[in-house]
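Structure provided below as structure tokens; questions to follow.
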Amino acid sequence: MKINFIRHGKTLGNIEKRYIGRTDEPLCEAGKRELKSRLYPDCEIVITSRMKRCTQSAEIIYPNKKIVIAADLRECDFGNFEGKNYHDLSGDTDYQNWIDSGGNITFPNGDDPQKFKKRAFPYLKK
């Protein structure tokens, strides 16, 4: 079995370089155009999280395939950083600590990166 991972198309938050995890943003027009301009491998099944940006991407890429929404696939919760970008967080001690850790410590009021990986991996094995 071969598994292809495809990242969702761009959202306004992506363009603005914001941390967008639990925020349920739709694709922006540029993101939709970009997805439509590329070729993707054929597949037997399409599995996505329930986030708008992900379901919209799946529908654009694979319009004639059944799309399975996987409730267990949840995006990372960036906690206090959610919806913010580097400029918004400049001077924030928690943000600087997270940067200094190489992105390995828990987001304040959000996910622990290691626990996030452990949460997602069992679903992928299944």
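The values are calculated or read from the model by the stated rules, or taken from the named source; none is laboratory data. This structure is a prediction, so every number in the text was calculated from the model and none was measured. Cβ placement follows ideal geometry from the backbone for every residue including glycine, while neighbour counts extend to all protein chains displayed.
Would a scan of segment 39-55 turn up a residue that is of a type in the set (Val, Ile, Thr) and in contact (Cβ under 8 Å) with a residue 24 or more places away in the chain? First the steps, then the outcome.
Our first condition is that a residue be of a type in the set (Val, Ile, Thr); within segment 39-55, this holds for 45-48, 55.
If we keep only those that are in contact (Cβ under 8 Å) with a residue 24 or more places away in the chain too, we end up with 47-48.
Taking every residue of segment 39-55 in turn, at least one turns out to be of a type in the set (Val, Ile, Thr) and in contact (Cβ under 8 Å) with a residue 24 or more places away in the chain.
Let me ask something else about it. Are any residues in segment 38-57 assigned to a helix (DSSP H, G or I) and farther than 20 Å from residue 85 by Cα, and if so, which ones? Working first, answer last.
Residues of segment 38-57 that are assigned to a helix (DSSP H, G or I), as a first pass: 52-57.
Residues satisfying the conditions are 52, 54, 55, 56, 57.
Taking the condition crowded, with 17+ Cβ neighbours inside 10 Å, touching a residue at least 60 places away in the same chain (Cβ under 8 Å) and not in a helix (DSSP H, G or I), does residue 13 pass?
Details: crowded, with 17+ Cβ neighbours inside 10 Å: yes; touching a residue at least 60 places away in the same chain (Cβ under 8 Å): yes; not in a helix (DSSP H, G or I): no.
Judged against the criteria, residue 13 is not a match.
Separate question: Can you find, within segment 60-70, the residue that is surrounded by the fewest Cβ atoms within 10 Å (Cβ to Cβ) among those that are over 14 Å from the mean Cα position of the chain (by Cα) and either more than 18 Å from residue 14 (Cβ to Cβ) or of a type in the set (S, T, N, Q) (or both)? Write out each step before concluding.
At the first step, the residues of segment 60-70 found to be over 14 Å from the mean Cα position of the chain (by Cα) are 60-69.
Narrowing further to those that are either more than 18 Å from residue 14 (Cβ to Cβ) or of a type in the set (S, T, N, Q) (or both): 62-69.
Numbers: 62: 17, 63: 8, 64: 4, 65: 14, 66: 8, 67: 15, 68: 10, 69: 14.
Only one residue fits best here, namely 64.
When segment 71-107 is examined, which residues are found to be surrounded by 15 or more Cβ atoms within 10 Å (Cβ to Cβ), closer than 19 Å to residue 17 by Cβ and not acidic (Asp, Glu)?
76, 78, 79, 80, 81, 83, 84, 89, 95, 98, 107
Against the definition (on the phi > 0 side of the Ramachandran plot, in a loop (DSSP other than H, G, I, E, B), modelled with pLDDT of 95 or more and among the small types (Gly, Ala, Ser)), how does residue 103 come out, yes or no? Step through it out loud before you land on a result.
Details: on the phi > 0 side of the Ramachandran plot: yes; in a loop (DSSP other than H, G, I, E, B): yes; modelled with pLDDT of 95 or more: no; among the small types (Gly, Ala, Ser): yes.
It is false that residue 103 is on the phi > 0 side of the Ramachandran plot, in a loop (DSSP other than H, G, I, E, B), modelled with pLDDT of 95 or more and among the small types (Gly, Ala, Ser).
Give the residues of segment 16-48 that are in contact with a His (Cβ under 9 Å, 6 or more places away or on another chain) and either at pLDDT below 95 or among the hydroxyl-bearing types (Ser, Thr, Tyr) (or both), sorted by residue number. First the steps, then the outcome.
The first filter runs over segment 16-48 and keeps only residues in contact with a His (Cβ under 9 Å, 6 or more places away or on another chain), leaving 17, 27, 31, 35, 48.
Across segment 16-48, the qualifying residue is only 48.
Okay, next question. Tell me whether segment 25-37 contains one or more residues that are in a helix (DSSP H, G or I), over 17 Å from the mean Cα position of the chain (by Cα) and touching a residue at least 40 places away in the same chain (Cβ under 8 Å).
Within segment 25-37 (the criterion being in a helix (DSSP H, G or I), over 17 Å from the mean Cα position of the chain (by Cα) and touching a residue at least 40 places away in the same chain (Cβ under 8 Å)), the answer is no, since none of the residues qualifies.
Please specify each residue of segment 58-100 satisfying the condition of being in a helix (DSSP H, G or I), touching a residue at least 12 places away in the same chain (Cβ under 8 Å) and either closer than 27 Å to residue 43 by Cα or in contact with a Ser or Thr (Cβ under 7 Å, 6 or more places away or on another chain) (or both).
Within segment 58-100, 58, 60, 61 qualify.
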